[in-house]
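Notes to accompany the following structure.
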Amino acid sequence: MTAITIRLVGENDDRLFKGIKVDNKIPYVDLKKEIQSVTHIPPKFQQLQLRGEDLPVVERPIQDIKFGEEIVVKHYLLESWRAYLLLCDSAKDIKKGKPERTKCAQRAIANSQKLEDSGFFEAYVNFVTVWTDTIGQMMRFVDRTRNAFEQSATKFFTKMFPNSTISFKPKQGGSRAGIVVTVTCNGEETLYYMNLSSRRFFNFPAKCIKATPAGSSRNVRISTSRTYWSWTCCILPIL
């Protein structure tokens, strides 16, 4: 039995997990499981180095490790994260044409899904804020978020006003994203405005919205693929 340091690299500052007790005769597969318990990187996405060299894929890879030595760990998709950020920058570049920007946004969304599926953001929690900000922008750019909002809003207003018809129109002008909702019930039209500007990320399954009085702030939870977002949606009647 010995104690080692696990160094997680990839963020601006490395994270050190010191004094991790391991048996230096630990099998390769069990070592990767132990590293997962510390870094939250699944075994198949771990890149490991010892003394500046890739950790050999042998039955017992750390038999000669010394007390306090470091195993350096990084996520296999770290470069995909950097590519994701570049794609987001390209999608937001107003000098580029709309088709090219849309393609960049679509590729960024695909990269984001790959990163999420690999447990990337559980390992690199300091990237989560940047990710939630940028993926929301990318999804709005290709209109996926608006579609999801309209589906949730339809369920919301249908429950409030059975047998009503509901239509949507994006808010024109101004600095905040929003949708004007027209609800027609018994021949009477009522307009509502949905402010979509605020969002938070949750890593647990969320259910659809519950009915609350118009004019109150409330959480509208929608799902996009396997990513779950909680959007604070203020629904206000337009007088």
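Some points to look at:
Yes/no matrix, rows are residues, columns are (1) touching a residue at least 24 places away in the same chain (Cβ under 8 Å); (2) surrounded by 14 or more Cβ atoms within 10 Å (Cβ to Cβ); (3) more than 14 Å from residue 10 (Cβ to Cβ):
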site	(1), (2), (3)
53	no, no, yes
79	no, no, no
116	yes, yes, yes
124	yes, yes, no
129	no, no, yes
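- Hey, residue 127 at pLDDT 90 or above, assigned to a helix (DSSP H, G or I) and either among the aromatic types (Phe, Trp, Tyr) or in the same structural domain as residue 39 (by TED's automatic domain parsing) (or both) or not: yes
- When residue 214 is tested against the conditions (1) part of a helix (DSSP H, G or I); (2) at pLDDT below 85; (3) over 30 Å from residue 74 (Cβ atoms), the lone failure is (1).
- Test for residue 41: is it assigned to a loop (DSSP other than H, G, I, E, B) and β-branched (Val, Ile, Thr): yes
- Taking the stretch 51-92 as the range and being under 28 Å from residue 113 (Cα atoms), outside any strand (DSSP E or B) and of a type outside the set (A, V, I, L, M, F, W, C) as the test, the residues that pass are 76, 79, 80, 82, 84, 89, 90, 92.
- Pick from the stretch 1-48, criterion among the polar types (S, T, N, Q) and free of Cβ contacts under 8 Å to residues at least 24 places away in the same chain, ranking: surrounded by the most Cβ atoms within 10 Å (Cβ to Cβ): 36
- Some residue of the stretch 8-22 being in a strand (DSSP E or B) and in contact with a Phe, Trp or Tyr (Cβ under 8 Å, 6 or more places away or on another chain): yes
The values are calculated or read from the model by the stated rules, or taken from the named source; none is laboratory data. Because the structure is predicted, anything quoted here is derived from the model rather than measured. Counting neighbours? That spans all protein chains shown, and the Cβs are built from the backbone with ideal geometry, glycine included.
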